[in-house]
Amino acid sequence: MVSYDETIPGTTVTYRMLPVPGGTFRMGSPDDEADRSADEGPVHEVRVEPFWMGRCEVTWGEYKPYMAACDLFKAMESARINKITPANEADAVTAPSNLYDPTTTFTHGEEPLLPAATMTQFAARQYTKWLSGLTGRFHRLPTEAEWEYACRAGSTTPWSCDADGFDDVAWHAGNADDTTHDVGGKQPNPWGFHDMHGNVAEWVLDELAPDGYSHQASLPQPVPAADAAVWPTHLSPRVVRGGSYYDEADRCRSAARRGSEDTAWKEIDPNLPKSPWWYTEEPSLGVGMRIVRPFAEPEVAVRQRWWDADIESIRADAADRLLQGRGARGIVSPTLPAELKAAGLAN
(Lines give C-alpha, C1' and ligand atoms only; values in the text may rest on other atoms or scores of the structure.)
Protein backbone atom coordinates (compact mmCIF):
# COMPACT_ATOMS: atom_id res chain seq x y z
CA MET A 1 0.00 0.00 0.00
CA VAL A 2 1.24 3.46 -0.91
CA SER A 3 -0.17 6.95 -0.57
CA TYR A 4 -1.92 8.45 -3.58
CA ASP A 5 -3.65 11.62 -4.70
CA GLU A 6 -7.18 11.51 -6.08
CA THR A 7 -8.91 14.20 -8.12
CA ILE A 8 -12.67 14.37 -7.69
CA PRO A 9 -13.93 13.66 -11.23
CA GLY A 10 -15.42 16.70 -12.94
CA THR A 11 -13.45 19.08 -10.70
CA THR A 12 -9.87 20.21 -10.12
CA VAL A 13 -10.13 19.36 -6.41
CA THR A 14 -7.66 16.78 -5.09
CA TYR A 15 -7.19 14.98 -1.80
CA ARG A 16 -4.43 12.68 -0.54
CA MET A 17 -4.96 9.22 0.93
CA LEU A 18 -2.29 7.73 3.21
CA PRO A 19 -1.89 4.02 3.99
CA VAL A 20 -2.49 2.73 7.49
CA PRO A 21 -0.84 -0.64 8.19
CA GLY A 22 -2.82 -3.37 9.87
CA GLY A 23 -2.02 -4.20 13.47
CA THR A 24 -3.30 -4.33 17.03
CA PHE A 25 -3.51 -1.62 19.69
CA ARG A 26 -5.01 -0.93 23.08
CA MET A 27 -8.08 1.24 22.60
CA GLY A 28 -9.35 3.67 25.22
CA SER A 29 -7.62 5.41 28.10
CA PRO A 30 -6.20 3.81 31.23
CA ASP A 31 -7.78 4.65 34.60
CA ASP A 32 -4.84 6.85 35.57
CA GLU A 33 -4.89 9.07 32.44
CA ALA A 34 -5.54 12.67 33.47
CA ASP A 35 -8.93 14.17 32.54
CA ARG A 36 -10.30 10.89 31.17
CA SER A 37 -14.02 10.16 31.06
CA ALA A 38 -15.58 6.89 32.15
CA ASP A 39 -16.82 6.19 28.61
CA GLU A 40 -13.18 5.87 27.46
CA GLY A 41 -12.91 2.44 29.07
CA PRO A 42 -12.47 -0.35 29.75
CA VAL A 43 -9.28 -0.46 27.70
CA HIS A 44 -9.37 -3.35 25.27
CA GLU A 45 -7.23 -4.71 22.46
CA VAL A 46 -8.40 -4.28 18.86
CA ARG A 47 -7.07 -5.81 15.65
CA VAL A 48 -7.29 -3.44 12.66
CA GLU A 49 -7.06 -4.41 9.01
CA PRO A 50 -5.08 -2.12 6.65
CA PHE A 51 -6.81 0.85 5.07
CA TRP A 52 -6.24 4.24 3.51
CA MET A 53 -7.31 7.41 5.29
CA GLY A 54 -7.51 11.04 4.23
CA ARG A 55 -4.32 12.90 5.10
CA CYS A 56 -6.48 15.85 6.13
CA GLU A 57 -10.06 16.52 7.11
CA VAL A 58 -12.54 16.93 4.24
CA THR A 59 -12.44 20.56 3.13
CA TRP A 60 -15.06 22.92 1.78
CA GLY A 61 -13.27 22.58 -1.54
CA GLU A 62 -14.08 18.86 -1.49
CA TYR A 63 -17.52 19.10 0.08
CA LYS A 64 -19.02 21.90 -2.01
CA PRO A 65 -19.20 19.84 -5.24
CA TYR A 66 -21.36 17.39 -3.29
CA MET A 67 -23.52 20.27 -2.02
CA ALA A 68 -23.94 21.42 -5.63
CA ALA A 69 -25.34 18.00 -6.54
CA CYS A 70 -28.78 19.10 -5.26
CA ASP A 71 -29.37 21.40 -8.23
CA LEU A 72 -27.39 19.13 -10.55
CA PHE A 73 -29.54 16.09 -9.75
CA LYS A 74 -32.66 18.11 -10.52
CA ALA A 75 -31.17 19.12 -13.86
CA MET A 76 -30.23 15.50 -14.55
CA GLU A 77 -33.81 14.43 -13.92
CA SER A 78 -35.10 17.01 -16.40
CA ALA A 79 -32.51 15.89 -18.97
CA ARG A 80 -33.27 12.20 -18.24
CA ILE A 81 -29.62 11.46 -17.43
CA ASN A 82 -29.06 8.40 -15.20
CA LYS A 83 -32.76 8.12 -14.47
CA ILE A 84 -33.63 6.54 -11.12
CA THR A 85 -35.57 3.29 -11.55
CA PRO A 86 -36.67 0.51 -9.18
CA ALA A 87 -33.66 -1.48 -10.41
CA ASN A 88 -31.06 1.14 -9.44
CA GLU A 89 -32.82 3.08 -6.67
CA ALA A 90 -30.57 1.60 -4.00
CA ASP A 91 -27.60 3.22 -5.75
CA ALA A 92 -29.09 6.72 -5.61
CA VAL A 93 -27.20 9.37 -3.64
CA THR A 94 -29.13 11.93 -1.62
CA ALA A 95 -27.75 15.46 -1.94
CA PRO A 96 -28.39 18.03 0.81
CA SER A 97 -30.81 20.91 0.36
CA ASN A 98 -29.47 24.32 -0.54
CA LEU A 99 -28.59 26.29 2.57
CA TYR A 100 -31.37 28.50 3.91
CA ASP A 101 -28.87 30.50 5.98
CA PRO A 102 -25.28 30.17 4.72
CA THR A 103 -24.00 32.47 7.46
CA THR A 104 -24.72 29.74 10.00
CA THR A 105 -22.94 26.97 8.11
CA PHE A 106 -20.06 29.19 6.99
CA THR A 107 -19.60 30.91 10.37
CA HIS A 108 -15.85 30.40 10.17
CA GLY A 109 -15.53 30.92 6.42
CA GLU A 110 -15.94 28.78 3.34
CA GLU A 111 -12.48 28.99 1.75
CA PRO A 112 -11.47 25.81 -0.09
CA LEU A 113 -8.84 24.66 2.43
CA LEU A 114 -10.95 25.19 5.54
CA PRO A 115 -12.45 22.00 6.98
CA ALA A 116 -16.09 21.43 6.05
CA ALA A 117 -18.32 21.39 9.12
CA THR A 118 -21.88 21.25 10.50
CA MET A 119 -22.96 18.29 8.37
CA THR A 120 -24.91 15.51 10.07
CA GLN A 121 -23.55 11.99 10.14
CA PHE A 122 -26.14 11.03 7.52
CA ALA A 123 -24.84 13.76 5.20
CA ALA A 124 -21.25 12.65 5.84
CA ARG A 125 -22.14 9.08 4.94
CA GLN A 126 -23.92 10.19 1.76
CA TYR A 127 -20.87 12.27 0.84
CA THR A 128 -18.79 9.09 0.95
CA LYS A 129 -21.38 7.37 -1.26
CA TRP A 130 -21.26 10.25 -3.76
CA LEU A 131 -17.45 10.21 -3.78
CA SER A 132 -17.37 6.43 -4.18
CA GLY A 133 -19.69 6.62 -7.18
CA LEU A 134 -17.60 9.25 -8.92
CA THR A 135 -14.20 7.67 -8.27
CA GLY A 136 -15.17 4.01 -8.53
CA ARG A 137 -13.35 3.45 -5.21
CA PHE A 138 -15.24 2.56 -2.04
CA HIS A 139 -15.02 5.34 0.57
CA ARG A 140 -16.70 5.49 3.97
CA LEU A 141 -16.42 6.92 7.44
CA PRO A 142 -13.91 5.24 9.76
CA THR A 143 -15.04 3.10 12.63
CA GLU A 144 -14.14 4.52 16.00
CA ALA A 145 -11.42 1.89 16.41
CA GLU A 146 -9.88 2.69 13.01
CA TRP A 147 -9.91 6.39 13.85
CA GLU A 148 -8.18 5.97 17.21
CA TYR A 149 -5.64 3.55 15.75
CA ALA A 150 -4.68 6.07 13.03
CA CYS A 151 -4.69 8.94 15.52
CA ARG A 152 -2.41 7.19 17.97
CA ALA A 153 -0.03 6.12 15.19
CA GLY A 154 1.71 3.72 17.55
CA SER A 155 1.65 6.04 20.57
CA THR A 156 0.24 5.13 23.99
CA THR A 157 0.31 8.65 25.47
CA PRO A 158 -2.72 10.98 25.79
CA TRP A 159 -1.86 12.60 22.44
CA SER A 160 0.20 11.31 19.53
CA CYS A 161 2.90 13.77 20.60
CA ASP A 162 4.49 14.91 23.84
CA ALA A 163 2.41 17.37 25.86
CA ASP A 164 5.03 20.05 25.21
CA GLY A 165 4.53 19.66 21.45
CA PHE A 166 0.73 19.80 21.48
CA ASP A 167 0.50 23.36 20.13
CA ASP A 168 2.58 22.27 17.14
CA VAL A 169 0.04 19.63 16.04
CA ALA A 170 -3.36 21.01 17.09
CA TRP A 171 -5.70 23.97 16.70
CA HIS A 172 -7.49 24.10 20.06
CA ALA A 173 -9.02 26.55 22.53
CA GLY A 174 -5.60 27.84 23.54
CA ASN A 175 -4.37 28.88 20.10
CA ALA A 176 -7.17 28.78 17.49
CA ASP A 177 -8.74 32.22 18.19
CA ASP A 178 -12.18 30.56 18.26
CA THR A 179 -12.20 29.57 14.59
CA THR A 180 -11.21 26.78 12.21
CA HIS A 181 -8.00 26.95 10.19
CA ASP A 182 -6.80 25.61 6.83
CA VAL A 183 -6.17 21.89 7.01
CA GLY A 184 -2.58 20.70 7.08
CA GLY A 185 -1.21 23.83 8.73
CA LYS A 186 0.04 22.02 11.83
CA GLN A 187 2.59 19.23 12.05
CA PRO A 188 1.30 15.72 11.25
CA ASN A 189 1.23 12.77 13.59
CA PRO A 190 3.89 10.03 13.17
CA TRP A 191 1.91 8.39 10.34
CA GLY A 192 1.49 11.62 8.40
CA PHE A 193 -2.07 12.62 9.34
CA HIS A 194 -2.80 16.28 10.02
CA ASP A 195 -5.35 17.74 12.45
CA MET A 196 -6.22 14.49 14.18
CA HIS A 197 -6.21 16.63 17.33
CA GLY A 198 -8.35 19.78 17.12
CA ASN A 199 -9.46 22.02 14.22
CA VAL A 200 -12.75 20.17 13.73
CA ALA A 201 -13.92 17.03 15.46
CA GLU A 202 -14.56 14.13 13.08
CA TRP A 203 -17.49 11.80 12.57
CA VAL A 204 -16.95 8.09 12.99
CA LEU A 205 -19.48 5.34 12.39
CA ASP A 206 -20.24 4.35 15.97
CA GLU A 207 -23.01 5.06 18.41
CA LEU A 208 -21.86 6.10 21.89
CA ALA A 209 -22.87 3.26 24.20
CA PRO A 210 -23.88 4.24 27.77
CA ASP A 211 -21.50 1.69 29.29
CA GLY A 212 -18.45 2.73 27.31
CA TYR A 213 -16.49 -0.21 25.92
CA SER A 214 -17.90 -2.86 28.25
CA HIS A 215 -19.15 -4.98 25.35
CA GLN A 216 -15.84 -4.88 23.49
CA ALA A 217 -13.89 -5.70 26.63
CA SER A 218 -16.07 -8.79 27.19
CA LEU A 219 -15.10 -10.30 23.81
CA PRO A 220 -12.05 -12.51 23.13
CA GLN A 221 -9.03 -10.27 22.68
CA PRO A 222 -7.89 -8.83 20.33
CA VAL A 223 -11.30 -7.82 19.00
CA PRO A 224 -11.51 -7.42 15.20
CA ALA A 225 -12.27 -3.75 14.44
CA ALA A 226 -15.41 -4.80 12.58
CA ASP A 227 -16.72 -6.53 15.73
CA ALA A 228 -15.73 -3.59 17.94
CA ALA A 229 -17.88 -1.17 15.91
CA VAL A 230 -21.21 -0.11 17.45
CA TRP A 231 -23.61 0.33 14.53
CA PRO A 232 -26.12 3.07 15.43
CA THR A 233 -29.68 2.17 16.33
CA HIS A 234 -30.64 5.62 17.70
CA LEU A 235 -30.49 9.13 16.25
CA SER A 236 -28.00 10.16 18.92
CA PRO A 237 -25.58 10.05 20.58
CA ARG A 238 -23.19 9.17 17.76
CA VAL A 239 -19.47 9.58 18.23
CA VAL A 240 -17.25 12.40 17.01
CA ARG A 241 -13.52 12.24 17.71
CA GLY A 242 -10.44 14.41 17.98
CA GLY A 243 -11.77 17.57 19.57
CA SER A 244 -12.25 20.92 17.89
CA TYR A 245 -10.94 24.47 17.76
CA TYR A 246 -13.03 25.39 20.83
CA ASP A 247 -11.93 22.40 22.95
CA GLU A 248 -9.30 22.39 25.65
CA ALA A 249 -6.36 20.05 25.12
CA ASP A 250 -7.83 17.33 27.34
CA ARG A 251 -10.85 16.95 25.02
CA CYS A 252 -8.48 16.52 22.06
CA ARG A 253 -6.78 13.45 23.51
CA SER A 254 -6.54 10.33 21.32
CA ALA A 255 -9.10 8.50 23.49
CA ALA A 256 -11.51 11.42 24.12
CA ARG A 257 -15.08 11.00 22.85
CA ARG A 258 -18.04 13.30 22.28
CA GLY A 259 -21.60 12.17 21.66
CA SER A 260 -23.80 14.04 19.18
CA GLU A 261 -27.03 15.71 20.35
CA ASP A 262 -29.24 15.86 17.31
CA THR A 263 -32.06 17.95 18.79
CA ALA A 264 -29.84 20.47 20.57
CA TRP A 265 -27.56 20.84 17.55
CA LYS A 266 -30.58 21.82 15.38
CA GLU A 267 -32.26 24.10 17.93
CA ILE A 268 -32.64 27.15 15.67
CA ASP A 269 -33.37 25.23 12.46
CA PRO A 270 -36.78 26.64 11.38
CA ASN A 271 -37.60 23.70 9.11
CA LEU A 272 -40.21 21.05 9.87
CA PRO A 273 -38.99 18.40 9.87
CA LYS A 274 -35.59 19.74 10.76
CA SER A 275 -32.87 19.17 8.18
CA PRO A 276 -31.45 15.65 8.06
CA TRP A 277 -28.30 17.12 6.46
CA TRP A 278 -27.30 20.21 8.44
CA TYR A 279 -26.77 21.34 12.02
CA THR A 280 -27.06 24.98 13.05
CA GLU A 281 -25.09 25.78 16.21
CA GLU A 282 -22.24 24.92 18.52
CA PRO A 283 -20.77 22.49 19.14
CA SER A 284 -21.69 21.28 15.64
CA LEU A 285 -19.95 24.29 14.09
CA GLY A 286 -16.78 22.38 14.90
CA VAL A 287 -17.83 18.94 13.65
CA GLY A 288 -16.51 17.67 10.31
CA MET A 289 -15.25 14.43 8.82
CA ARG A 290 -12.35 12.41 7.42
CA ILE A 291 -12.68 9.58 4.90
CA VAL A 292 -11.43 6.01 4.80
CA ARG A 293 -10.93 3.52 1.99
CA PRO A 294 -10.47 -0.09 3.19
CA PHE A 295 -7.84 -2.21 1.48
CA ALA A 296 -10.33 -5.05 1.08
CA GLU A 297 -13.58 -3.67 -0.36
CA PRO A 298 -16.84 -5.28 0.84
CA GLU A 299 -19.71 -6.63 -1.21
CA VAL A 300 -22.24 -4.18 -2.65
CA ALA A 301 -24.90 -4.88 -0.01
CA VAL A 302 -22.42 -4.20 2.77
CA ARG A 303 -21.36 -0.93 1.15
CA GLN A 304 -24.93 0.34 1.22
CA ARG A 305 -25.02 -0.19 4.97
CA TRP A 306 -22.05 2.12 5.39
CA TRP A 307 -23.64 4.86 3.30
CA ASP A 308 -27.37 5.03 3.82
CA ALA A 309 -29.76 6.11 6.58
CA ASP A 310 -29.81 3.51 9.34
CA ILE A 311 -32.96 4.41 11.29
CA GLU A 312 -36.50 5.20 10.20
CA SER A 313 -36.61 8.80 11.45
CA ILE A 314 -33.69 9.78 9.19
CA ARG A 315 -35.25 8.01 6.22
CA ALA A 316 -38.60 9.70 6.87
CA ASP A 317 -37.13 13.19 7.30
CA ALA A 318 -35.04 12.84 4.14
CA ALA A 319 -38.05 11.56 2.17
CA ASP A 320 -40.20 14.45 3.41
CA ARG A 321 -37.61 17.03 2.37
CA LEU A 322 -37.21 15.39 -1.03
CA LEU A 323 -40.98 15.65 -1.57
CA GLN A 324 -40.71 19.37 -0.80
CA GLY A 325 -37.96 19.72 -3.41
CA ARG A 326 -35.45 20.56 -0.70
CA GLY A 327 -32.79 18.02 -1.52
CA ALA A 328 -32.50 15.70 -4.50
CA ARG A 329 -31.38 12.21 -5.50
CA GLY A 330 -29.27 11.03 -8.38
CA ILE A 331 -27.22 8.15 -9.73
CA VAL A 332 -23.49 8.84 -9.69
CA SER A 333 -20.81 6.96 -11.65
CA PRO A 334 -17.30 7.59 -13.01
CA THR A 335 -18.82 8.37 -16.43
CA LEU A 336 -21.13 11.07 -15.07
CA PRO A 337 -18.84 14.08 -15.70
CA ALA A 338 -18.56 13.15 -19.40
CA GLU A 339 -22.33 12.61 -19.65
CA LEU A 340 -22.99 15.99 -18.07
CA LYS A 341 -20.56 17.69 -20.41
CA ALA A 342 -22.17 16.06 -23.43
CA ALA A 343 -25.59 17.28 -22.25
CA GLY A 344 -24.34 20.83 -21.71
CA LEU A 345 -24.69 20.60 -17.93
CA ALA A 346 -20.98 20.95 -17.17
CA ASN A 347 -17.99 22.84 -18.51
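The values are calculated or read from the model by the stated rules, or taken from the named source; none is laboratory data. Note that the structure is predicted; figures quoted are calculated from it, not measured. Methodologically, a virtual Cβ is constructed for each residue, glycine included, from the backbone with ideal geometry; neighbour enumeration extends over all protein chains shown.
State the number of residues belonging to segment 64-93 that are hydroxyl-bearing (Ser, Thr, Tyr) and either more than 20 Å from GLY136 (Cβ to Cβ) or touching a Cys at 6+ places or on another chain (Cβ under 9 Å) (or both).
2
Does ALA170 qualify as being more than 18 Å from ALA95 (Cα to Cα) and either touching a helix residue (DSSP H, G or I) at 6+ places or on another chain (Cβ under 6 Å) or among the small types (Gly, Ala, Ser) (or both)?
yes
Among the residues of segment 151-159, are any of a type in the set (Val, Ile, Thr), out of contact with any Phe, Trp or Tyr (no Cβ under 9 Å at 6 or more places or on another chain) and within 24 Å of THR24 (Cα to Cα)?
Here is the first cut: in segment 151-159, the ones of a type in the set (Val, Ile, Thr) are 156-157.
Checking the rest, the ones that are also out of contact with any Phe, Trp or Tyr (no Cβ under 9 Å at 6 or more places or on another chain) come to 157.
Filter once more, keeping what is within 24 Å of THR24 (Cα to Cα): 157.
Yes, segment 151-159 contains at least one residue that is of a type in the set (Val, Ile, Thr), out of contact with any Phe, Trp or Tyr (no Cβ under 9 Å at 6 or more places or on another chain) and within 24 Å of THR24 (Cα to Cα).
Restricting the search to segment 29-51, which residues are under 20 Å from the mean Cα position of the chain (by Cα) and either part of a loop (DSSP other than H, G, I, E, B) or at pLDDT below 95 (or both)?
Passing the criteria: GLU49, PRO50.
Check GLU202 against each of (1) buried (at least 19 other Cβ atoms within 10 Å of the Cβ); (2) in a loop (DSSP other than H, G, I, E, B); (3) on the phi < 0 side of the Ramachandran plot; (4) touching a residue at least 24 places away in the same chain (Cβ under 8 Å) and name the one condition it does not meet.
Exception for GLU202: condition (2).
Return the only residue of SER29, SER3, SER37 being loosely packed, with under 13 Cβ neighbours inside 10 Å, in contact (Cβ under 8 Å) with a residue 24 or more places away in the chain and within 23 Å of ASP195 (Cβ to Cβ).
SER3
Among residues belonging to segment 108-146 that are of a type in the set (D, E, K, R) and over 12 Å from the mean Cα position of the chain (by Cα), point out the one that is surrounded by the most Cβ atoms within 10 Å (Cβ to Cβ).
Start the filter on segment 108-146 by keeping residues that are of a type in the set (D, E, K, R), which leaves 110-111, 125, 129, 137, 140, 144, 146.
Adding the requirement that they be over 12 Å from the mean Cα position of the chain (by Cα) leaves 110-111, 137, 146.
Numbers: GLU110: 15, GLU111: 12, ARG137: 15, GLU146: 25.
Result: GLU146.
Check segment 281-291 and report whether any residue there is closer than 28 Å to THR180 by Cα, in contact with a Lys or Arg (Cβ under 6 Å, 6 or more places away or on another chain) and touching a residue at least 12 places away in the same chain (Cβ under 8 Å).
No - not one qualifying residue is present in segment 281-291.
From the residues in segment 163-191 that are of a type in the set (D, E, K, R) and part of a loop (DSSP other than H, G, I, E, B), which one is farthest from the chain's Cα centre (by Cα)? Break it down into steps so the answer makes sense when it comes.
Of all residues in segment 163-191, those of a type in the set (D, E, K, R) come to 164, 167-168, 177-178, 182, 186.
Pick out the ones that are also part of a loop (DSSP other than H, G, I, E, B) and you get 177-178, 182, 186.
Working: ASP177: 24, ASP178: 22, ASP182: 17, LYS186: 20 Å.
Filtering first and then ranking leaves ASP177.
Check segment 169-192 and report whether any residue there is of a type in the set (D, E, K, R) and more than 20 Å from ILE291 (Cβ to Cβ).
yes
Could you go through segment 310-318 and let me know if any residue there is free of Cβ contacts under 8 Å to residues at least 12 places away in the same chain and on the phi < 0 side of the Ramachandran plot.
Checked against the condition, which is being free of Cβ contacts under 8 Å to residues at least 12 places away in the same chain and on the phi < 0 side of the Ramachandran plot, segment 310-318 yields at least one hit.
Being part of a strand (DSSP E or B) and within 13 Å of SER97 (Cβ to Cβ) is the filter here; which residues of segment 299-347 pass it?
Answer for segment 299-347, where residues must be part of a strand (DSSP E or B) and within 13 Å of SER97 (Cβ to Cβ): ALA328, ARG329.
Return the residues of segment 247-261 that are surrounded by 20 or more Cβ atoms within 10 Å (Cβ to Cβ) and in a loop (DSSP other than H, G, I, E, B); say none if nothing qualifies.
Residues satisfying the conditions are ASP247, ARG253, SER254, ALA255, ALA256, SER260.
Which one of the conditions (1) in contact with a strand residue (DSSP E or B) (Cβ under 9 Å, 6 or more places away or on another chain); (2) without any contact (Cβ under 8 Å) to a residue 60 or more places away in the chain; (3) not hydroxyl-bearing (Ser, Thr, Tyr) does ASP167 fail to meet, given that it meets all the rest?
Here ASP167 clears every test but (1).
Quick one: in segment 6-26, of everything that is of a type in the set (Val, Ile, Thr) and more than 19 Å from SER160 (Cβ to Cβ), which residue is surrounded by the fewest Cβ atoms within 10 Å (Cβ to Cβ)?
Residues of segment 6-26 that are of a type in the set (Val, Ile, Thr), as a first pass: 7-8, 11-14, 20, 24.
Going one step further and asking which of them are more than 19 Å from SER160 (Cβ to Cβ), we end up with 7-8, 11-14.
On the way: THR7: 12, ILE8: 18, THR11: 15, THR12: 7, VAL13: 17, THR14: 11.
Once the filter is applied, the top-ranked residue is THR12.
Within segment 52-159, considering only helices (runs of 4 or more DSSP H) that don't extend past its boundaries, which have at least 3 residues that are of a type in the set (Val, Ile, Thr) and at pLDDT 95 or above?
Those helices (runs of 4 or more DSSP H) do not exist here; none qualify.
Of all residues being under 22 Å from ASP206 (Cβ atoms), in a loop (DSSP other than H, G, I, E, B) and among the β-branched types (Val, Ile, Thr) in segment 262-298, which is modelled with the highest pLDDT? Just the residue, please.
ILE291
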